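Undergrad: Just dropping this structure here.
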Amino acid sequence: MNNSVRGTARLIGAGLRALLVLTVVCGVLYPLAVTGVAQALFHDQANGSQFRDGSGNVVGSSLIGQRYDLPKKDPDDAEETAKPDLKWFQPRPSNGLGANSVNTRYSLLLSGATNRSADDGAVNGRCTKASAEGSLCAQVIAAKEAVVADNSTAGYQVDPRDVPADAVTSSGSGLDPNISPAYAALQVHRVAEKNGLTVKQVEELVEDHTQGRTLGFMGEPRVNVLELNTALKALTHS
């Protein structure tokens, strides 16, 4: 009996010592080492890829898209649809990803795919105005009409055939911070008109903030909307 008690005590003691050692190694030393390496070698990424304006203020993350909407007439009305502030470059659509039920005062971007197939609402394989309300086809058609209307100016008419796919569809996460150079170019005339700038000034701004393929072959050329709008703000206030 005594041997059994002593054996049990030794096992418990060994388990407690192992727990203490593993807690120190895995719960303290390892996290500190990883954090130290991340801060030393990847400081920007480890801190959320924060993007700062010319004054050094953090204006967002270069990895997360954000909307540029006009303030709601009634901030407490969760049903009111926010309208885009047309003086800014607009990101990809992020609607259709669910409703913010945590804090209904703010229209937050929610992460998630629409889970709708490419032919959702299609009639005879094509998206038409006869597409079922609420379907992906109906959303795309409405978004395309809005893009054409919003970006057409007195001296520039958007051709519906020039509207790129990323202007009317959300990304898989709904948080894509980038748009295609084609969508950025389509918005140039409207942004120039709304901000009292020349088309050439805005075109140069887009060109300066167009990034090529990663490592020259991965992905597609892109324009980060947050970085572009931050530069636009600096230009209009210079």
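The values are calculated or read from the model by the stated rules, or taken from the named source; none is laboratory data. Remember, predicted model here, so these are calculated numbers, not experimental data. Note that each Cβ is placed from the backbone with ideal geometry, even for glycine, and that neighbours are counted across all protein chains shown.
Undergrad: Taking the range 135-178, which residues are part of a helix (DSSP H, G or I) and among the hydroxyl-bearing types (Ser, Thr, Tyr)?
TA: Hits for the range 135-178: nothing passes.
Undergrad: When residue 59 is evaluated against the numbered criteria (1) modelled with pLDDT under 85; (2) assigned by TED's automatic domain parsing to the domain that holds residue 147; (3) over 20 Å from residue 166 (Cβ atoms), which criterion, by number, is the only one it fails?
TA: With respect to (1) modelled with pLDDT under 85; (2) assigned by TED's automatic domain parsing to the domain that holds residue 147; (3) over 20 Å from residue 166 (Cβ atoms), residue 59 is out only on (1).
Undergrad: Something else now. Could you check how many residues of the range 209-238 are in a helix (DSSP H, G or I) and not small (Gly, Ala, Ser)?
TA: 10
Undergrad: Here is a follow-up. Pairs only if they're at least six apart or on different chains, beta carbon under 8 angstrom, first in the range 23-52 and under 30 Å from residue 225 (Cβ atoms), second of a type in the set (D, E, K, R); list them, first residue then second.
TA: Note: pairs meeting the criteria are 50/44; 51/227.
Undergrad: Looking at this structure, is residue 149 modelled with pLDDT under 95 and aliphatic (A, V, I, L, M)?
TA: no
Undergrad: Let me ask something additional. Where residues in the range 37-81 are out of contact with any Asp or Glu (no Cβ under 8 Å at 6 or more places or on another chain) and of a type in the set (Lys, Arg), which of them is surrounded by the fewest Cβ atoms within 10 Å (Cβ to Cβ)?
TA: 52
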